[in-house]
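A quick write-up on the structure given underneath.
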Ligand code: TYM
């Protein structure tokens, strides 16, 4: 049996990149009979950016609702809010004391903002050690993530090895799991889809809003309708490819290359793939969002299960440290 663990920040409603890059693959792994799984909402990480309690709470509900709407079965997975397990901040402190300051200065999460140091808080700087604590606290074997998190996983392995080396075998050193087809979902502008870049597709939005966004924000070139087009550099095709699977996206690529098929047609097919493809999930998402009490109950059950595992692991660490 392998233990799968992954988390998502609650900085907004999970976008298409989160859903295809993390939530869907993690649920598939979590439901495989040979695995057990820990899936959580990283609302302590979100605090590095979001300071309004009401916003944070709402985002946390939206993130929980997205997992559940995509079919997460909480009888088969431990599903919880990071902040409900205080053991994690304690472990993060210990790990911070075993990891070189110099290495933390190289983390993308910090480096991307290093030219605007006035925007960087201490939490953002030590973010990778809280993430390492998330993983090591549960003896996780595999961590499914998108490409943008690979450096953090490397730091997790690094700090686990440093601790094990100095204090004796304590932590399981985890492996990342990535999928080539969904490693990096582009945003509407072609850069990585990311809340902070304001280029996201929220698949839970109303179809009308999605249509507007796709038609207005996805950039295409000015090739006339009848001319052949190159799908490989086109955001609309890349998104369709991530959504619709190999056969359908190959068909669209052939049509684009043949000519007589316009970007407008491609956008229409992309919209349909999202609206129809996620119709059930969209309805389920809104049902959950209308019932925060039910979300709280699900998350409370998960927190209790998570703490049962976290407590003994933290004790193992503390005894190694001489506390
Ligand atoms: P976060 O919240 O930025 O993203 C959550 C997951 O979604 C993936 N992802 C993407 N995948 C494909 N294309 C994209 N455009 C895209 N954008 C995001 C991310 O790779 C990630 O898998 N630090 C983490 C949260 C975290 C965590 C953890 C993850 C905290 N503790 C422990 C795993 C294990 C983060 O900010 O992810």
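When you check residue 39 against the structure, is it part of a helix (DSSP H, G or I) and either within 9 Å of the ligand (Cβ to nearest atom) or at pLDDT 95 or above (or both), yes or no? Step through it out loud before you land on a result.
Details: part of a helix (DSSP H, G or I): no; either within 9 Å of the ligand (Cβ to nearest atom) or at pLDDT 95 or above (or both): yes.
So residue 39 does not fit the description; no.
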Quick check on the stretch 192-217: of everything there that is touching a helix residue (DSSP H, G or I) at 6+ places or on another chain (Cβ under 8 Å) and away from the ligand (no atom under 15 Å from the Cβ), which residue is farthest from residue 12 (Cα to Cα)? 215
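Given the residues 30, 26, which is the only one that is more than 9 Å from the ligand (Cβ to nearest atom), part of a helix (DSSP H, G or I) and either free of Cβ contacts under 8 Å to residues at least 12 places away in the same chain or touching a strand residue (DSSP E or B) at 6+ places or on another chain (Cβ under 9 Å) (or both)? Lay out the reasoning, then the answer.
Details: 26 fails: more than 9 Å from the ligand (Cβ to nearest atom).
Criteria check complete, one pass: 30.
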Conditions (1) out of contact with any strand residue (DSSP E or B) (no Cβ under 6 Å at 6 or more places or on another chain); (2) more than 8 Å from the ligand (Cβ to nearest atom); (3) over 30 Å from residue 221 (Cβ atoms) -> residue 176 fails only (1)
Hey, does the stretch 216-226 have a residue that's surrounded by fewer than 17 Cβ atoms within 10 Å (Cβ to Cβ), part of a helix (DSSP H, G or I), modelled with pLDDT of 95 or more and outside the structural domain of residue 12 (by TED's automatic domain parsing)? yes
Quick one: which residue in 26, 42, 64, 32 is over 18 Å from residue 149 (Cα atoms) and buried (at least 21 other Cβ atoms within 10 Å of the Cβ)? 64
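The values are calculated or read from the model by the stated rules, or taken from the named source; none is laboratory data. Keep in mind that what you see is a predicted model, and the values were worked out from it rather than measured. Quick reminder, even Gly has a Cβ in these numbers, built from the backbone with ideal geometry, and neighbours come from all protein chains shown.
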